[in-house]
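Student: Quick one: the structure is below, and I'll ask about it shortly.
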Amino acid sequence: MNDRFLRALAAEPVDRTPVWIMRQAGRYLPEYRALKERHGFWELCTVPELTVEVTLQPIDRLGLDAAILFSDILVPLAAMGLEVEFRPGPVLPDPIRAASDLSRLGETEGCALYGRVAEAIGLLRRELDGKVPLIGFAGAPFTLATYAVEGGGSKSFSAIRALLFGDPATAHRLLERIAVAVLASLRAQIEAGVQAVQLFDSWAGLLGPDDYDRFARPYAERILGAIGDAGIPRIYFAPGASSCLERMRTLPVEAIGIDWRIPLGEARRRLEDRTVVQGNLDPGVLLGSREGIEERTAGILREARGAKGHVMNLGHGILPETPVENALAFVETVHRLSGQGGEQ
Ligand code: CP3
């Protein structure tokens, strides 16, 4: 079995650097687009056979070292009873704006939606048959609260900011409720067989370090700590939040994801090499030339030399416009260079 990814996360020696790609199953793949002509995005997330098919699409084609469950971070908000649509960006038509809206949120323990995800995980473990490990994931409470309050993506994020600073008690009550739903989701995924988890705190970068410590970190910490007894590696990723790296280094995790806005070496220094690092090629580089991809990838492998451990990835999700051959060039470059003692 290919356990490079799990070995790197355990800070054990590897024959070459493991690599996977955030959003590796997605619109840049023609076979994904073909499936999307017949099925909606939510269907792909909730019909186990379809979830399995999409999750596996990039694995053989690209030679990746891990599969990531095809799903979305907004599943727990839907499980709590909020309406969630994808057009293709997420839209929540009835956002949470005030204390009185909290009563619309239900419990998720044992819900049908998590059951369907668990079923897909069971099927995937059988299909993968040890070929590569399967990653589960969830959104961190701060990021999910941002979606719940904004009702979707945003440029100014005024609604979540108004709640955080105008009515922090309600913000904390919302974060508490979401944390319970996220923890239940991760526990269900772990019980069903995922072999690593990643917690995405995609909007934590909205916050300055002190507010990060107030509204984001404690909820992520509680969830990551609570799943510690499962004994599987935990990755935390908060793109755009490198000003908070010092605050992340004591999180109960095995690895921290690094976006491309900070050199990997600098991130390692600020984390004091206490954790394994994951990343951090600018997804935009995959829109450029093969030479550029090779050069930048080699640069990251150099910056990772001597790290506690390194998992190669992009610094955020792969862009839908990426030519498949460029994604392949990235993976092949990692295989070739890191196998020559390029990193270890
Ligand atoms: O990495 C993978 O291959 C697993 C699949 C995955 C998806 N979403 C599929 C998806 C994962 C890990 C996510 C996580 C997710 N979802 C995050 C955290 C990662 C990040 O980007 O910071 C966030 C913020 C979301 C919320 C979300 N869902 C957004 C912003 C969008 C629109 C994305 C876009 O490119 O337009 C979605 C929809 C979504 N989730 C798509 C996919 C493949 C596109 C839907 C489509 O095919 O039309």
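Student: Which residue out of 223, 135, 190, 178 is outside any helix (DSSP H, G or I), of a type outside the set (Ser, Thr, Tyr) and crowded, with 19+ Cβ neighbours inside 10 Å?
Tutor: Criteria check complete, one pass: 135.
Student: Could I ask something else about it? Kindly list, by first and then second residue, each pair from a residue in segment 246-257 that is outside any loop (DSSP other than H, G, I, E, B) to a residue that is among the acidic types (Asp, Glu) and at pLDDT 95 or above, limited to pairs with Cβ atoms under 7 Å and residues at least 6 apart or on different chains.
Tutor: 247/213
Student: From 54, 75, 47, which residue is farther than 22 Å from residue 6 by Cβ, within 9 Å of the ligand (Cβ to nearest atom) and of a type in the set (A, V, I, L, M)?
Tutor: 54
Student: Which of the residues spanning segment 188-210 are within 16 Å of the chain's Cα centre (by Cα) and either under 22 Å from residue 129 (Cβ atoms) or among the basic types (Lys, Arg) (or both)?
Tutor: Of everything in segment 188-210, those that are within 16 Å of the chain's Cα centre (by Cα) and either under 22 Å from residue 129 (Cβ atoms) or among the basic types (Lys, Arg) (or both) turn out to be 189, 190, 194, 195, 196, 197.
Student: Shifting gears a bit: Output the residues belonging to segment 193-209 that are assigned to a loop (DSSP other than H, G, I, E, B) and either within 16 Å of the ligand (Cβ to nearest atom) or of a type in the set (D, E, K, R) (or both).
Tutor: Those that are assigned to a loop (DSSP other than H, G, I, E, B) and either within 16 Å of the ligand (Cβ to nearest atom) or of a type in the set (D, E, K, R) (or both): 194, 195, 201, 202, 203, 207.
Here's the yes/no breakdown for (1) touching a residue at least 12 places away in the same chain (Cβ under 8 Å); (2) within 24 Å of residue 283 (Cα to Cα); (3) surrounded by fewer than 21 Cβ atoms within 10 Å (Cβ to Cβ):
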| residue | (1), (2), (3) |
| --- | --- |
| 9 | yes, yes, no |
| 12 | yes, no, yes |
| 16 | yes, yes, no |
| 31 | yes, yes, yes |
| 41 | yes, yes, yes |
| 47 | yes, no, yes |
| 50 | yes, no, yes |
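Student: Can you pull out the helices (runs of 4 or more DSSP H) entirely within segment 264-344 that have at least 2 residues that are within 18 Å of residue 62 (Cβ to Cβ)?
Tutor: On the way: elements: 264-270, 290-304, 324-337.
Ranges flagged: 290-304, 324-337.
Student: Please pick out the residue among 50, 69, 64 that is touching a His at 6+ places or on another chain (Cβ under 8 Å), within 24 Å of residue 317 (Cα to Cα) and aliphatic (A, V, I, L, M). Break it down into steps so the answer makes sense when it comes.
Tutor: Values: 69 fails: touching a His at 6+ places or on another chain (Cβ under 8 Å); 64 fails: touching a His at 6+ places or on another chain (Cβ under 8 Å).
Answer to the check: 50.
Student: Continuing with this model, one more query. Output the number of residues of segment 53-112 satisfying the condition of being under 21 Å from residue 40 (Cα atoms) and not in a loop (DSSP other than H, G, I, E, B).
Tutor: The qualifying residues number 17.
Student: Going through segment 305-317 one residue at a time, which ones are of a type in the set (A, V, I, L, M, F, W, C) and surrounded by 24 or more Cβ atoms within 10 Å (Cβ to Cβ)?
Tutor: Result: 311, 312, 314.
Student: Still on this structure, please answer the following. Limited to segment 79-91, what total is found for residues that are of a type in the set (Gly, Ala, Ser), more than 11 Å from the ligand (Cβ to nearest atom) and surrounded by fewer than 20 Cβ atoms within 10 Å (Cβ to Cβ)?
Tutor: So the answer is 1.
Student: If the requirement is being under 25 Å from residue 7 (Cβ atoms) and more than 13 Å from the ligand (Cβ to nearest atom), which of these qualifies: 94, 101, 129?
Tutor: 129
Student: If you don't mind, there's one more thing I want to ask. Which of the residues spanning segment 154-186 are within 16 Å of the ligand (Cβ to nearest atom) and closer than 23 Å to residue 117 by Cβ?
Tutor: Initially, segment 154-186 is screened for residues within 16 Å of the ligand (Cβ to nearest atom), giving 154-155, 157, 160, 178, 181-182, 185-186.
Those that are within 16 Å of the ligand (Cβ to nearest atom) and closer than 23 Å to residue 117 by Cβ: 178, 181, 182, 185, 186.
Student: Here's a follow-up. So which residues in segment 132-151 are within 13 Å of the ligand (Cβ to nearest atom), within 12 Å of residue 203 (Cβ to Cβ) and of a type outside the set (D, E, K, R), if there are any at all?
Tutor: Within segment 132-151, 139, 140, 142, 143, 144, 145, 146, 147, 148 meet the criteria.
Student: Let me ask another. Which residues, taken from segment 29-44, are among the aliphatic types (A, V, I, L, M) and more than 10 Å from the ligand (Cβ to nearest atom)?
Tutor: Of everything in segment 29-44, just one residue is among the aliphatic types (A, V, I, L, M) and more than 10 Å from the ligand (Cβ to nearest atom), namely 34.
The values are calculated or read from the model by the stated rules, or taken from the named source; none is laboratory data. On a predicted model such as this, the values are computed, not experimentally measured, just so you know. Methodologically, a virtual Cβ is constructed for each residue, glycine included, from the backbone with ideal geometry; neighbour enumeration extends over all protein chains shown.
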